[in-house]
Amino acid sequence: MTTARETALLALDTLLKTTLEGVAPPVVYLARNGGIEHKIEAGDEDDITVSGPARVFAGLQDGEAGQPAPLLGGDIYDHVQEPLLELAALHPDADKRDAALDAALAAIDAAIAADPVLGGACNFYQADPPVFSTIGEASAPMGKAAEVGFNVLFTSESPLG
């Protein structure tokens, strides 16, 4: 039997993957909890040219689970899970990587507005503002990263989610 937590995380992962597949330039969506660092460190920026599009990678981490709050009677619990989406846009041209990252974030924002309960998998979810960082040497940055935290609220009959 799948827990309410796993159901909500799978729904968010599916929504993000589906949403980001339709973004231009295409986003390489990695396996859940896989992390994008190894993909970037593997030398995938070798085939990026100044005239070509940015390469964008994304991956969802399960994140932290909050303390469950028992509801009346103690048989039902409210939970908050805080998954983290990692995004990275690689390109030597800052404008192209900024535009690629912005397109991905805009698509995610639209998907959240269209389905704020993940098809019924959770009570509600929302995204936190992205936190940006630079990838590569300070003198010659190759990419820009963003981390987007989510707050996924769901109810379960178990304190474990």
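The values are calculated or read from the model by the stated rules, or taken from the named source; none is laboratory data. Remember, predicted model here, so these are calculated numbers, not experimental data. Reconstructed Cβ throughout: ideal geometry from the backbone, glycine too, with neighbour counts over all protein chains shown.
Brief remarks follow.
- Being more than 12 Å from the chain's Cα centre (by Cα) and either part of a strand (DSSP E or B) or more than 17 Å from ASP13 (Cβ to Cβ) (or both) is not true of ALA58.
- Residue check for LEU9: in a strand (DSSP E or B) and either on the phi < 0 side of the Ramachandran plot or at pLDDT below 90 (or both): no
- Residue in the stretch 115-138 that is surrounded by 15 or more Cβ atoms within 10 Å (Cβ to Cβ), over 21 Å from LEU12 (Cα atoms) and among the aliphatic types (A, V, I, L, M) present: yes
- Whichever residue in the stretch 141-161 is of a type in the set (A, V, I, L, M) and surrounded by 19 or more Cβ atoms within 10 Å (Cβ to Cβ) and, among such residues, is farthest from TYR77 (Cα to Cα): ALA145
- For the stretch 70-106, a residue qualifies if it is acidic (Asp, Glu) and touching a residue at least 24 places away in the same chain (Cβ under 8 Å), and the qualifying residues are ASP75, ASP78, GLU82, GLU86, ASP93, ASP98.
- Residue in the stretch 132-139 that is in a loop (DSSP other than H, G, I, E, B) and among the hydroxyl-bearing types (Ser, Thr, Tyr) present: yes
- ALA65 vs. criteria in contact with a Gly (Cβ under 8 Å, 6 or more places away or on another chain), modelled with pLDDT of 90 or more and surrounded by fewer than 17 Cβ atoms within 10 Å (Cβ to Cβ): yes
- In the condition set (1) under 17 Å from VAL27 (Cβ atoms); (2) under 16 Å from the mean Cα position of the chain (by Cα); (3) surrounded by fewer than 18 Cβ atoms within 10 Å (Cβ to Cβ); (4) of a type outside the set (Asp, Glu), ALA99 is compliant with all but (2).
- ASP109 being surrounded by fewer than 16 Cβ atoms within 10 Å (Cβ to Cβ), without any contact (Cβ under 8 Å) to a residue 24 or more places away in the chain, not in a loop (DSSP other than H, G, I, E, B) and not hydrophobic (A, V, I, L, M, F, W, C): yes
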